[in-house]
Each structure stands twice: as C-alpha cells, then as structure tokens.
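To start, the structure itself, in structure tokens.
The values are calculated or read from the model by the stated rules, or taken from the named source; none is laboratory data. Only a predicted model underlies this, so the values are computations on that prediction, with no experimental measurement involved. Keep in mind that these areas ignore ligands, DNA and RNA; they rest on the heavy atoms of the full protein, side chains included. Shrake-Rupley method; radii C 1.70, N 1.55, O 1.52, S 1.80 Å.
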Amino acid sequence: MNMSLTGMSIPSIASLFSVYASLSAFITLLQQAFDQFIPERVRDYIIEKIEKWFSISKSDPCLFKLVIEESDDSEGYHCLNQVFEACDKYLSTKLSNTANCLKVSRQRAEDTLNFRLAQGEQFKETFQGKELVWSYVISSNENSRQQDEKRHFELVIEEKHKELLKSYLNYVLSFFDEMMESKKDLNLHTLSMYMDWHSVEFKHPFTFDSLAMDPGLKKSIIDDLDRFVKRKEFYKRVGKAWKRGYLLYGPPGTGKSSLIAAMANYLKFDIYDLQLDRVDSDSNLKQLMLNTNNKSILVVEDIDCCFGLPSSREGDEPQTTSKISLSGLLNFVDGLWSSCGDERIIIFTTNHKEKLDPALLRAGRMDVHIHMSYLTMPAFRILASNYLQMNLHDEHEHEHEHPLFGEIERLLQTVNVTAAEVSEEMLRSDDTEVVLRGVVHLLKGKKCDNKETKEKQLTLSLSDKDMNLQVGKEENLIKF
Ligand SMILES: Nc1ncnc2c1ncn2[C@@H]1O[C@H](COP(=O)(O)OP(=O)(O)OP(=O)(O)O)[C@@H](O)[C@H]1O
C-alpha cells in the first residue's frame, strides 16, 4: 500500500529551481516598480505602517509600563518631579559601560562627564532576578520651543512581576538620597531664559577661614548654623518650619556675597540665586520656589533695589524693579515656601538697611541680622594670614608682628576701608614688605580723602550751626 504518495507527484529539483527563479525575478520587478513609480514619501509611509504592524503583532501583551515624567503639571504649575531626577542621576551612574547609545555632556567649569540615555535608547537591568527595561523619551509638538519638550522615562517589566516596581523605585530613591548626602559638589542655580532654574557646579573656594571678619562675630555665625542644622526635632516640636532667615547688610565690598559662599561650603547646601527683577508674576515666583530643593540657600541680593526704591549704589542706572510685590515675596517666604521643604535658609543682602521696608525687618521674619562692617584689625590679620601666609593665629604672635602692623592698626581706627579694597592691594605682589607698604599707602590716601571730606562737611555744617560731624566706624554686629 502506497499511503503517502497517493494522488501526488514529487516535483523535480529542476522545476523547484525554475519556480524559485521566476519568483525572485517577480519580486525584483516588484521592488523596482515600487522604487520607481511610488514617490519616496509614500514609500516611507507604507514601510512605516508595515513596520508598525509587525511591532504590534510582536509585542508582548503581558508587559507593564511605568511612566516617570520630568515635571508634574497637575496643579497648574510646572513642578519638577523628584522621582525623575532620582532616576536620571541613578541611571547616569549605571550607564557608562552598558547602554548602546549614550549622550554625554559636561557643563562649563565642571570636571565630571554626565552620561544620559539618548532619545529612544534602552537600558536593561536585572533586579531580584527580574529584567527591567528603561527607555528615555522626548516628546514635543512641532511648533514648540525647546522648553515645551516633555521628557520622561519609561520603565517596563513583565506584568506578573509589576509589584516589584515599588521596591525597585525605593531602591533607586534611596540610592539617590545617599548620592546626594555624600556628594561633594554643590550647585549654583540661576534663572534661565525660560524662567526655570539652570544649574552649574558651584566651585567658589571661599570658606569661613578665608573670611576676614571679627573672630567673635564669625564664631557666632558658625554656632548659629550648627544649631540650625541640628534642630530638626526642635522645629517639629514647636510647630515651626525648619528654615532660617539672614539679613546681611553693610557697604559694598565688605564680604556679603563671600559670606554666603562660606555658608554654602560649610553646610554643603546648594545656592539658588533669585534675581527678583526678572520674575514677572507671583505665580512664576511660586513655581520657582516650589522647584527648590531641601538643604539649600535662597539668596535675594540687594533687596532694597527690588521694590521700586531708588538705587542704593552710587552711579547705578535707575534699575528695573520686580513685577512682584514685597508683600507677595513675604507671603511666599512666610507661607508656602517655608512649609514646603526642610533645612531651608533664605538670605537677603542690602547695602542700605535703613531703606528697607519695615515689613522685612519685622520680628520673626529675618531671624538674624548681620552687619558686615569696614575692616578692623582682627579682620585685617585674617587677610594678612591668608594672602601673605603669615602665621598670625597665635595670640602671642602679635609681639613678633611686622613693624608696619602698628601703623596699619592706627590707620584702621580712623579710616573706613573694605576688605575688598585691601585684598586687591594684597594681590599686587608676593613680597610682604611691598604689600604692607601698599596697604599703608592705601589707608593714608583714604585718610587724606576723609580729612578733605571732613573739612568740606565742617564748612557746610558750621554754616548750618551743626557741629555733629563724627565719622566713626560702626561696631560689628550680629543681632538675633
Ligand atoms: N570679609 C572679607 N574677607 C575676605 N575677602 C573679602 C571680604 N570682603 C570682600 N572680600 C573680597 O572682595 C571681593 C568682593 O567682596 P563681596 O562680593 O563678597 O562683597 P559684597 O559685600 O557682597 O559686595 P556687594 O555689596 O558689592 O555685592 C571678594 O571676592 C573677596 O575677594
């Protein structure tokens, strides 16, 4: 019995070849016709549709996808999503030797390279024996500005393992927290052209050791900062937000910005430099405030110039003033901003405390007022020790001080000079003798100017029958 071949004849090898040949000729013809007669755009469209169809039919219906967007706009504000930031930082530490295509960047003044997934690229990771696939997606509409692009991560896992995502994300978040705790680099955040924060590495070398200031005042500032960072439980107990406000006031060049840098370096806090004159609405301010991180210092420089007051700087053009109101700012400082984060410091600086709105000085608003005064002898010793590498920290060293120190001390008692002016003089030479003579010359010059001014004032005030012409140096002052 012949069961398998009943009614069928096996084709010969020759006929198989001839069918194959005519089939491939037909396909080649079809392909040529497709290329020649169908316009390129239509061709691309057809190919894309076919590819899409194949990818849909291939896709596994049992996958679960988690979307992590860069910002959370649900409240009507563009608030950065910290989970996105954590994932971004986490991936940048994992990617460098695994993913197929990466983007690399380095910001000006940074040492480190930042690796990121390129758009549409994937990165696979195994967590507790299960595979997770990361991808980075940028979506934008064609007419949008760069800022309107939306970025998100997609994290895909098999549906049946999706409960693992929670512990995986917790692992990523605690990795990020540890990274932030141990990070040595601070960031300086300034306003970008899109009115968002733009961050660069903050590399200001200034520390409390570099700061020429009365040692007693310096110690009380350091003690205050130490107390502040240790008082988490205290603030909770008394029901206050864990924040502290400092008002730094004094003439230009006395070290207000330098003190801010020293504070940031001491606490390892990021700095947010809020240029109020660029903020155009209260809602913009709210968004910026909400996008600041814990453990940070928010700085508003020259606060007296921000709210329509005349410029406090000699020779300054009349400056643009902020479109937000002082009360708007104070509402944020007292209310929303202070209650939406922990370990926040806010610093206002001014050259003219007397021009400030009393609302700013109200008790409980700025906790500490620090007067940055003209240079005193103890502060001069710190400058000399730093710039000229003279060992002047030892109390008994004063006996062996350079002979010009006596003259400098006498001059400093009668002349108002800023640390900025003296430090500029100290940069002029490596030779101690030359530098100290330069300082004496600077102080004597100022004394002459003072004398001339005094004489002018005396003539004026004599005509006014006003003899009150004391030019005295204010004491260094810290007021809590
Ligand atoms: N107290 C100080 N100790 C050491 N250096 C100082 C001090 N004050 C000023 N300097 C030097 O002068 C430079 C300018 O000082 P700084 O910008 O801190 O002064 P400022 O009070 O903030 O001035 P402004 O009011 O103009 O902003 C600093 O970079 C620093 O080199």
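May I ask you to work out the translational diffusion coefficient for region 199-370 at 10 °C, viscosity 1.306 mPa s, via Stokes-Einstein with Rh from the Kirkwood sum over Cα pairs, reported in whole µm²/s? Working shown, then result.
Numbers: Rh = 16.7 Å.
The diffusion coefficient I find is 95 µm²/s.
Not counting ligands, DNA or RNA, and with a 1.4 Å probe, what is Arg106's accessible surface area in Å² rounded to the nearest 10?
My reading of the accessible area for Arg106 is about 150 Å².
Take His198, His371, His441 and sort them by solvent-accessible surface of the protein heavy atoms, 1.4 Å probe, largest at the top. The partial results should precede the final answer.
Working: His198 85, His371 10, His441 140 Å².
My answer, sorted largest first, is His441, His198, His371.
Work out, step by step, the length gained on full extension between Asp226 and Leu30: first 0.36 nm times the residue separation, then minus their alpha carbon distance; give nm to one decimal. Please list the in-between numbers first.
Details: separation 196, 0.36 × 196 = 70.56 nm, distance 7.95 nm.
Extra length available between Asp226 and Leu30 comes to 62.6 nm.
Considering only protein heavy atoms, what is the solvent-accessible area of Met180 at a probe of 1.4 Å, reported in Å² to the nearest 10?
Here the accessible area works out near 60 Å².
Quick one: work out the % antiparallel among DSSP beta bridges in region 167-284, nearest 5.
Values: 6 of 8 bridges.
Looking only at bridges with both residues in region 167-284, the antiparallel portion is about 75 percent.
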